[in-house]
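Here is the structure we will look at.
The values are calculated or read from the model by the stated rules, or taken from the named source; none is laboratory data. For clarity, every value in this text was computed on a predicted model and none was experimentally measured. FYI the Cβ positions are ideal-geometry reconstructions off the backbone, even for glycines, and counts take in every protein chain you see.
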Number of protein chains: 2
Amino acid sequence: MIVKEVIDSPVAACAPQSGAVPSSRSCGIASTRLDRWALARIQATVASAPIRFALWDGYELASSAGTAVATILFKNRSALFGWVWDPELNFGEGYMSGAVEIRGDLLTLLEAIYRTFASSPARPWWLWQKSNDARAARENVHHHYDLGNDFYRLWLDRDMVYTCAYFPTPDVTLEEAQIAKMDLVCRKLQLEPGERVIEAGCGWGSLALFMARQYGVTVRAFNISSAQIAFARNRAREEGLADRVEFVEDDYRHVRGTCDAFVSVGMLEHVGAPDYPTLGRVIDRTLSDRGRGLLHFIGRDQSAPLNPWIRKRIFPGAYAPTLREVFAHVLEPHAFSVLDVENLRLHYAKTLEHWRHRFHTAGDQVATMFDETFARAWQLYLAGSQAAFRTGWMQLFQVVFARAGSNAIPWIRVSG
Amino acid sequence: MIVKEVIDSPVAACAPQSGAVPSSRSCGIASTRLDRWALARIQATVASAPIRFALWDGYELASSAGTAVATILFKNRSALFGWVWDPELNFGEGYMSGAVEIRGDLLTLLEAIYRTFASSPARPWWLWQKSNDARAARENVHHHYDLGNDFYRLWLDRDMVYTCAYFPTPDVTLEEAQIAKMDLVCRKLQLEPGERVIEAGCGWGSLALFMARQYGVTVRAFNISSAQIAFARNRAREEGLADRVEFVEDDYRHVRGTCDAFVSVGMLEHVGAPDYPTLGRVIDRTLSDRGRGLLHFIGRDQSAPLNPWIRKRIFPGAYAPTLREVFAHVLEPHAFSVLDVENLRLHYAKTLEHWRHRFHTAGDQVATMFDETFARAWQLYLAGSQAAFRTGWMQLFQVVFARAGSNAIPWIRVSG
């Protein structure tokens, strides 16, 4: 607990005379043998990564793996020992507060670190996460998605799509790629005019409106973020689609009715593994005999908890599952038949590249809207995500499924 | 045991005076109340299927579910009670021996039965199967694949491909569809000239030769069927590909060397679940850092043992897994990253339709080559398989994977 409190006040442990300005190079006291031992211990955990490490008084450890791509500078003792204590949490805490500074390119550094990580051993999927009940889900979603539509408008695409885009070629614009993604989802679901779609977790409503507009379906779209639902309803009215797209401010657990297609893009990450059986029952309760489903989610090659800093600062309650976990706990209990799986992780890396570029351009506005610490946290989150998808630390899966035995399935699957 | 012995001699239990001709309508004795009770009990197990049931003396039970699509006639008491005792095994035994006769279309009847089956509850994957060690594997394979190349030539395509084909449109020929399948596999693997491929379970060598001929790769292809290996080596010599395609008569466990692509089409079914970890280690040992892999196999939506008659008469040691089982025991332990999954079950139903048609045409030759019982067993196996894929009782999965973190993966996946 002491470590955590110290980290929350990044320069407190350095020395009172150093003041409260975390950006100063040195906090005024010389590093000790213990400090240097700690730095060497940190370096040993990522020994194969070409990174230089430095302390507040100018002491440096050269890269142990060739020419360094960047330097990690600890600006005070609490940041240093915070990393030793819990590197996964406190790298983010230190970067966000300014007590850890990166000299060089953040993305390159993060990719180098991810590449050194050996794959995590599998852990029981239920051990390290508590259930997200409806109230917890609401708080978790509020934490992230109710930051204000103006904030997201600064760096998302025109349609406000906050999930992995699909780039037919790497050089199309983010706007084009988000439209291509929505179209790909519709084609994978084989939507026909007049069909009924349920969308669980609809963001600002882009996909629901796209499906109604381009494919002539009716949509009931669920979301527990008030800010997003208000925005989406307004768009439906403006586009004259309010009679065909209903935005419901409610939890996915309360989805009722029947549908020909069940779609969820970027929500499973927030459901949490203990509630996968609930999601499976919701789909089973709503999908018609000839129905198709599509789940689009961030996943992993092997089971592992999400980075604790991301869970603390960015996505409380979030979890990125393996395909096996989703099949075992969502689809298999109801004998849904998997038709098609596509891994789009390089498309998510590209999406994040666009978001980061726009976020960087809007840097001053973000800092004004919130503060510098918030901006740094989000820069780290976006760069860390891009690095994770580039290095294969994270995956992006689209899974298409149908009722067992249904022959209302495509003869040939769709492609980009 | 008594039941089994009786079944092996189908008419013995009826009455000595009935002779040994199973095709006679009646075995000469009247059905009792017990026989009729047994028949009603059988009907109750498939009550929602539109099927008529009949006994040897003309007694009939009308369909309990609308107009009957076919009649199942028990020609003697042992066939009747064999079904009660173990329907999954003894339907096949009775049909094969002639003691159970189908009046109407066999395929339609089988589809009706499959549709009535509720999904099997999941069972522990290791409970109902013993490991196929190398000797058992050889015996199992010999049982099926060493029936003689002349037999398979009667009803397979020109290239002797004995796995699910890929029909770009449902009306292309089987020959075209098998070539399209081989090409699809090569494109999914992104084969480049000069790359090294290992194929585990190569049948008569069609895919190995296709890859070398059309994609310029070198192939080491493994198979434990002597008849198939001899045939394949001969083809390689005839085509002038013997320097680039090596056919090795050995078990997949003994695969050595390094490859850029690991491919296995229709072998996983014979590996058996207890040996999945072994297969995973073999792939891990052989695949290069930028390597890709493809597994093509018959699977299921939910865990269940293969039909016991199929295991007894057609495929000893075979098992059709769920995706979850393959991921859990083959891919995840080595952090292989799943890139792409496609379910081609309707293509397997279409493939089987072609095989059945050709098998039917070659009926007299099959009966001459073996005997009538063998021909009936194979007719049932082919019709049962077609019905299983049509009704979604079985699936056909192609899974593409790569090393964790490898970016030598396609930007856009291939399609038909």
Within region B:54-73, how many residues turn out to be among the hydroxyl-bearing types (Ser, Thr, Tyr) and in contact with a Pro (Cβ under 8 Å, 6 or more places away or on another chain)?
-> 2
Scope region B:188-207; condition more than 20 Å from B:Leu346 (Cβ to Cβ) and more than 21 Å from the chain's Cα centre (by Cα); matching residues | B:Leu189, B:Gln190, B:Leu191, B:Glu192, B:Pro193, B:Gly194, B:Glu195, B:Arg196, B:Val197, B:Ile198
Can you tell me which residue in region A:285-304 is surrounded by the most Cβ atoms within 10 Å (Cβ to Cβ), limited to those that are of a type in the set (A, V, I, L, M) and in contact with a Lys or Arg (Cβ under 8 Å, 6 or more places away or on another chain)?
-> A:Leu287
Out of all the residues in region A:136-146, is one or more aliphatic (A, V, I, L, M), more than 29 Å from A:His357 (Cα to Cα), surrounded by 14 or more Cβ atoms within 10 Å (Cβ to Cβ) and at pLDDT below 70?
-> no
Does region A:286-301 contain at least one residue that is more than 14 Å from chain B (Cβ to nearest Cβ) and at positive phi?
-> no
Tell me, which residue of region B:165-180 that is within 14 Å of chain A (Cβ to nearest Cβ) and in contact (Cβ under 8 Å) with a residue 24 or more places away in the chain is surrounded by the fewest Cβ atoms within 10 Å (Cβ to Cβ)?
-> B:Pro170
Residue count for region A:380-402, restricted to those that are within 13 Å of chain B (Cβ to nearest Cβ) and either hydroxyl-bearing (Ser, Thr, Tyr) or part of a strand (DSSP E or B) (or both) | 9
Is it the case that region A:209-225 has a residue that's in contact with a helix residue (DSSP H, G or I) (Cβ under 6 Å, 6 or more places away or on another chain) and on the phi > 0 side of the Ramachandran plot?
-> no
Might you check whether a residue that is more than 9 Å from chain B (Cβ to nearest Cβ), at pLDDT 95 or above, assigned to a helix (DSSP H, G or I) and under 24 Å from A:Ser206 (Cβ atoms) occurs anywhere in region A:264-274?
-> yes
How many residues, within region B:314-349, are surrounded by 21 or more Cβ atoms within 10 Å (Cβ to Cβ), in a loop (DSSP other than H, G, I, E, B), out of contact with any Phe, Trp or Tyr (no Cβ under 6 Å at 6 or more places or on another chain) and within 11 Å of chain A (Cβ to nearest Cβ)?
-> 1
Are there any pairs with C-beta distances below 8 angstrom linking a residue in region B:281-294 that is assigned to a helix (DSSP H, G or I) to a residue that is among the aliphatic types (A, V, I, L, M), with the two at least 6 apart or on different chains, and if so which?
-> B:Val282/B:Ala200; B:Val282/B:Val255; B:Ile283/B:Val330; B:Arg285/B:Val255; B:Thr286/B:Ile198; B:Thr286/B:Val255
Is it true that A:Leu241 is within 14 Å of chain B (Cβ to nearest Cβ) and either buried (at least 21 other Cβ atoms within 10 Å of the Cβ) or modelled with pLDDT of 95 or more (or both)?
-> no
Could you tell me which numbered condition A:Arg358 fails, if it satisfies all but one of (1) surrounded by fewer than 21 Cβ atoms within 10 Å (Cβ to Cβ); (2) at the interface with chain B (Cβ under 8 Å from one of its Cβ atoms); (3) of a type in the set (Lys, Arg)?
-> (2)
Options A:Ser415, A:Ser406; residue that is free of Cβ contacts under 8 Å to residues at least 40 places away in the same chain, assigned to a loop (DSSP other than H, G, I, E, B) and under 16 Å from A:Leu294 (Cα atoms) = A:Ser415
Return yes or no: is B:Leu331 among the hydrophobic types (A, V, I, L, M, F, W, C) and in contact (Cβ under 8 Å) with a residue 40 or more places away in the chain?
-> yes
Within region A:164-217, residues being assigned to a helix (DSSP H, G or I) and of a type in the set (Asp, Glu) number 3
Consider B:Asp364 carefully, then state whether it is among the acidic types (Asp, Glu) and either part of a helix (DSSP H, G or I) or not assigned by TED's automatic domain parsing to the domain that holds B:Ala165 (or both).
-> yes
Before we move on, is A:His357 without any contact (Cβ under 8 Å) to a residue 12 or more places away in the chain and in a helix (DSSP H, G or I)?
-> yes
